[in-house]
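Pasting in a structure now, in structure tokens, and then I'll have a few things to ask.
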There are 2 protein chains.
Amino acid sequence: MASEVPTRAYRRLSVEQRRRQLLAASLELFAHRAPEEISLDDVAETAGVSRPLVYRYFPGGKQQLYEAALRSAADELEQCFAEPPEGPFTERLTRALDRYLTFVDEHDTGFSALLQGGSVVETSRTNAIVDGVRRAAAGHILLHLGAAQPGARLRMTVRTWISSVEAASLIWLDEGKVPARDELRDWLVEQFVVCLVVTAGRDEQTAEVIREALALEDAEGAVGGLLRRVLPVVGDAGHLL
Amino acid sequence: MASEVPTRAYRRLSVEQRRRQLLAASLELFAHRAPEEISLDDVAETAGVSRPLVYRYFPGGKQQLYEAALRSAADELEQCFAEPPEGPFTERLTRALDRYLTFVDEHDTGFSALLQGGSVVETSRTNAIVDGVRRAAAGHILLHLGAAQPGARLRMTVRTWISSVEAASLIWLDEGKVPARDELRDWLVEQFVVCLVVTAGRDEQTAEVIREALALEDAEGAVGGLLRRVLPVVGDAGHLL
């Protein structure tokens with residue numbers, strides 16, 4: 001059996017393939033341990049290569065490797081929110097959040113370390129990478145809402161909801177992944193819908209956006225389900241009208 | 001005239017008074033400049049004392065002074081959410097947010113630098129202080145909601161909303177304080193109400209909390225106004241029921 005398994009150090013890889021292999025090994029390590037607990041030896045061992053080889057590709061050492069791995073993770077996260085512009089908005093958002101929460105689930109410790117800061121390898125460059133993911137996500141969402149020129153109130157609504165998603169992800173990891181991932185996903189979709197509705201009460205652009213989005217929803221979808229669940233809760237609030 | 005103005009360096013202050021004076025001078029500086037742009041000379045000059053005096057009170061230098069100033073700011077922020085447990089919940093929350101946003105408004109640059117991280121004086125200790133404020137705010141809010149033993153879903157709702165408030169504050173400062181502070185405050189109160197309502201659709205404890213809170217609201221209050229503004233927006237969504 002042993003002779004069938006190629007020794008990984010002897011595999012011939014192109015420069016780009018080798019780089020990807022080292023980044024994949026790093027991401028795997030950063031996913032489950034805090035950056036300060038990981039050495040270049042660990043990366044070399046995980047990738048099945050020598051330590052000098054890791055240094056040849058990342059002469060800046062751990063900081064450079066960490067930033068490259070983060071950049072690669074950021075690219076993956078940004079892709080979560082890319083989605084064809086078809087069907088009800090909540091279905092698109094559900095698919096995007098499903099991909100995002102799968103990423104969070106698979107990279108738990110590294111994801112927390114990255115977003116909670118205080119890491120020894122945190123710099124203004126790594127912060128800029130994380131901010132880039134937030135901006136990309138906001139851009140995707142605004143496009144899906146059909147808002148090519150979003151005003152201050154609509155932008156603030158989208159950006160604060162993205163912060164809620166990050167916070168909810170961290171709390172979720174911190175609380176042992178309770179509630180289940182699908183419930184968290186659906187709850188976040190519902191939160192976004194009502195946050196938009198609240199803003200719509202004060203902003204005509206958001207009101208237009210929500211009217212068009214609701215017209216595409218159907219009774220069996222996320223908004224229909226939400227309405228049926230919350231109407232009994234607020235049913236006694238007739239005195240407020 | 002000059003003889004009537006006492007030279008500040010000669011004022012006799014107790015140790016505690018002097019400490020407070022130095023912290024107040026530091027907070028004033030940290031409020032409008034990033035920590036890395038402030039020297040102990042600036043603090044000495046603002047307080048009207050000698051540099052050695054600043055070092056006598058804060059032998060750990062700028063890092064110690066920064067942490068003490070941050071601790072003092074954190075105490076002030078935590079106090080924002082202390083409120084007598086009387087009257088409709090949204091009125092209490094409005095008063096708390098009013099104090100909080102006044103603080104944000106008055107400490108703009110320092111507030112951004114603190115929360116956005118990446119500062120050279122950021123450490124796990126300063127992160128812990130900021131987290132303490134978040135926890136204190138969540139504790140106050142859960143008490144006002146009458147939830148002595150909040151479950152995972154209610155806690156997550158409160159904590160994610162607190163993140164939204166932070167994010168909205170930073171965006172607000174970044175966008176030149178648009179919309180007006182009062183509108184931002186009322187919008188954040190409304191966001192919290194609907195976030196609770198969404199959770200109530202999936203969690204019986206939150207449903208109880210929201211029913212009791214709504215019973216104390218009146219038509220002229222925050223929830224009544226919200227309902228009247230958003231019903232016309234969602235009025236065409238009858239196909240979802």
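The values are calculated or read from the model by the stated rules, or taken from the named source; none is laboratory data. What you see is a predicted model; the values in this text were computed from it and never measured. Neighbour counts are summed over all protein chains in view; Cβ atoms, including those assigned to glycine, are modelled from backbone coordinates with ideal geometry.
Can we say B:Gln205 is surrounded by fewer than 23 Cβ atoms within 10 Å (Cβ to Cβ), under 28 Å from A:Val165 (Cβ atoms) and at pLDDT 95 or above?
Against the criterion (surrounded by fewer than 23 Cβ atoms within 10 Å (Cβ to Cβ), under 28 Å from A:Val165 (Cβ atoms) and at pLDDT 95 or above), B:Gln205 qualifies.
Let me ask something else about it. Scanning the range B:201-213 for residues that are small (Gly, Ala, Ser) and within 7 Å of chain A (Cβ to nearest Cβ), which turns out nearest to B:Gln149 (Cα to Cα)?
B:Ala207
A:Gly117 versus (1) at pLDDT 90 or above; (2) closer than 30 Å to B:Asn127 by Cα; (3) buried (at least 17 other Cβ atoms within 10 Å of the Cβ): which is the lone unmet condition?
Only one criterion in (1) at pLDDT 90 or above; (2) closer than 30 Å to B:Asn127 by Cα; (3) buried (at least 17 other Cβ atoms within 10 Å of the Cβ) is unmet by A:Gly117, namely (1).
Pairs, please: C-beta under 7 Å, at least 6 apart or cross-chain, first residue more than 9 Å from chain B (Cβ to nearest Cβ) and in the range A:148-159, second of a type outside the set (S, T, N, Q) and in a helix (DSSP H, G or I)?
A:Pro150/A:Leu142; A:Leu154/A:Val209; A:Val158/A:Ala138; A:Val158/A:Ile141; A:Val158/A:Leu142
One residue is enough: does the range A:130-146 have a residue meeting the conditions among the hydrophobic types (A, V, I, L, M, F, W, C), facing chain B (nearest Cβ under 8 Å), assigned to a helix (DSSP H, G or I) and more than 13 Å from the chain's Cα centre (by Cα)?
no
Using the structure shown, decide if B:Ser163 is at the interface with chain A (Cβ under 7 Å from one of its Cβ atoms), crowded, with 17+ Cβ neighbours inside 10 Å, on the phi < 0 side of the Ramachandran plot and hydroxyl-bearing (Ser, Thr, Tyr).
Taking the combined requirement at face value, the residue satisfies it.
Yes or no, residue by residue, for (1) among the aliphatic types (A, V, I, L, M); (2) under 15 Å from the mean Cα position of the chain (by Cα); (3) under 30 Å from A:Val209 (Cα atoms):
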site	(1), (2), (3)
A:Leu40	yes, no, no
A:Ala47	yes, no, no
A:Leu65	yes, no, no
A:Leu93	yes, yes, yes
A:Leu115	yes, yes, no
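For B:Val230, state whether it is more than 16 Å from A:Gly235 (Cβ to Cβ), in contact with a helix residue (DSSP H, G or I) (Cβ under 6 Å, 6 or more places away or on another chain) and facing chain A (nearest Cβ under 9 Å).
yes
Something else about it: So, restricting to helices (runs of 4 or more DSSP H) that lie completely within the range A:161-241, which ones have at least 1 residues that are in contact (Cβ under 8 Å) with a residue 24 or more places away in the chain, closer than 30 Å to B:Pro179 by Cα and within 18 Å of the chain's Cα centre (by Cα)?
Result: A:181-200.
What are the residues in the range A:57-112 that are over 30 Å from B:Leu240 (Cα atoms) and of a type in the set (Phe, Trp, Tyr), if any?
Once the filter is applied, which keeps residues that are over 30 Å from B:Leu240 (Cα atoms) and of a type in the set (Phe, Trp, Tyr), the range A:57-112 yields A:Tyr57, A:Phe58, A:Tyr66, A:Phe103, A:Phe111.
Here's a follow-up. Regarding the range B:183-200, can at least one residue be identified that is more than 22 Å from A:Gly151 (Cα to Cα), among the hydroxyl-bearing types (Ser, Thr, Tyr) and at the interface with another protein chain (Cβ under 9 Å from one of its Cβ atoms)?
yes
Let me ask you something else. Does A:Asp174 meet the test of being acidic (Asp, Glu), closer than 19 Å to B:Leu154 by Cβ and more than 7 Å from every other protein chain (Cβ to nearest Cβ)?
For A:Asp174, the condition - acidic (Asp, Glu), closer than 19 Å to B:Leu154 by Cβ and more than 7 Å from every other protein chain (Cβ to nearest Cβ) - is met.
Can you tell me which condition B:Leu216 does not meet? The list is (1) more than 26 Å from B:Val104 (Cβ to Cβ); (2) at the interface with chain A (Cβ under 7 Å from one of its Cβ atoms); (3) surrounded by fewer than 22 Cβ atoms within 10 Å (Cβ to Cβ), and all the others hold.
(2)
Follow-up. Which one is farthest from A:Ala128 (Cα to Cα) among residues in the range A:30-56 that are touching a residue at least 24 places away in the same chain (Cβ under 8 Å) and crowded, with 19+ Cβ neighbours inside 10 Å?
Only one residue fits best here, namely A:Val49.
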